[in-house]
Amino acid sequence: MKRTVMQRDIPFLPEEIITSILIRLPVKRLIRFRCVCKHWKNLFKTPSSIVEHLHHSTHQNPSLLFEDKEDRSRLRLCYREMQVLRVQSEPFIGSVRRSHIVDSCNGLLCIIDKNYSLYLWNPAIRDFGRVPKSINWFESDDYYLGFGYSAIVNDYKIVKIYVSRSDGDLVSLVEVYSLRTGSWKEVDCDSLDGVTISSNGFNTNGNGAIFWSGLQVGVEKDGEGDIDLIVLFDIATESFCLISAPTSAFTYSGYGNGLAIYENKLAVLSHTLSENLESSLVDLWVLDEDWEQWTKIYTSSPYAGLRLLPVTIWKDQIICDVTDLPEVIAETKTRVENDVHKNVMSSLTTNEFRMFGIHKDGKACHGYDIFSYAESLVPVSNFHIEWS
């Protein structure tokens, strides 16, 4: 067992204990400690330390990232204790007002700007890089994006699904970017023949795959011409498969549906309004590991006076956006301040609701896009070198 001495008057500490302590610290503190000694500086460039820190951050300090729909450069992080902090944006984020986040994975954000340029950004360590233009850059800007990670190949990939507007928005071409190789390539998409991707932007990533909501056109089933489904992209094998959606919960163009990851499994969040439109509730459906059977494991209590639109799952809570919010909620008597955007959490364990707000800093706000997030040391600019 190696021993490290920090100063003469400080007792010897086993290197393993020092490492165990450091991986539990927030990234901001770790960055400060890089100047302590060369060993500490290099410690968190090693793959094993990066993975250990990410595992601890994901399970012990999961966060929610809020992106202002009106000004995408205004980002907020909500921590476990409901503490909300502003994220310091890189210069390229602040200078491109119309940029927005595609998705979040292991502390990395995939971002697209108004010129359709793609970036990868780790805000915790302030590392970012511009993704090279794809092969068919000039042929079409009609496409849908996805971003995710596979531990099998130890690589982050961006998926670009092109659709043909002249052919009913059917999938026509797919390109994949690998962070490890730093290059794009076309992949086979024959399994997506007759498939279109939802324009509502329902997509998520987890457990080595990327998911989108979609529709298979012109297929007869139970008297229906089209079939609601979920498109799965296996990041390791770079192949697609189609998953039937829970029929009673999910529709291609449904308002208030969402995809999420729950206990490392694909989940569908669905929203239902009461017949009198005075209350709403949320259902959670989970797909088994064989990708064959859906099970509804949770239905919330009716929430009067609000329309709940489920967005994601955070810890044991379903995070919902809200619409038709009155000034005073009858049940809780909670006043809604004009400078706060409200969201609702529905507990999967107690079936209780909790409202929380994100301050708008006195500026106009038309809501937030919400992403699961965990601080990490995962590099962007030297990923293929550091992890080789």
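Quick note: the coordinates plus some simple rules give every number you see, no bench work behind them. Just so you know, these numbers come straight off a predicted model, no measurement behind them. Quick reminder, even Gly has a Cβ in these numbers, built from the backbone with ideal geometry, and neighbours come from all protein chains shown.
Computed packing ranks the peptides 18-24, 156-162, 240-246, 230-236 as 156-162, 230-236, 240-246, 18-24, most packed first, by mean other Cβ atoms within 10 Å.
Determine the sum of side-chain charges near Ile23: Lys and Arg each +1, Asp and Glu each -1, restricted to other residues whose C-beta is under 13 angstrom from that of Ile23. Every neighbour counted, the sum reads -2. A simple count of charges around Phe240, restricted to other residues whose Cβ falls under 10 Å of its Cβ and scoring Lys, Arg +1 and Asp, Glu -1, yields -4. Across the cross-link table entries Lys38/Lys157; Lys157/Lys296; Lys69/Lys342; Lys69/Lys265; Lys28/Lys114; Lys160/Lys185, which are compared at the Cα atoms, the separations over 21 Å belong to Lys38/Lys157; Lys157/Lys296; Lys69/Lys265; Lys28/Lys114. Note on Tyr144, Tyr79: ascending count of other Cβ atoms within 10 Å places them as Tyr79, Tyr144, the fewest first.
By the count of other C-beta atoms within 10 Å, a proxy for reagent exposure, Asp167, Asp228 are ordered fewest to most as Asp167, Asp228. Each peptide in 105-112, 280-287 was scored by the mean count of other Cβ atoms within 10 Å over its residues; highest first, the order is 105-112, 280-287.
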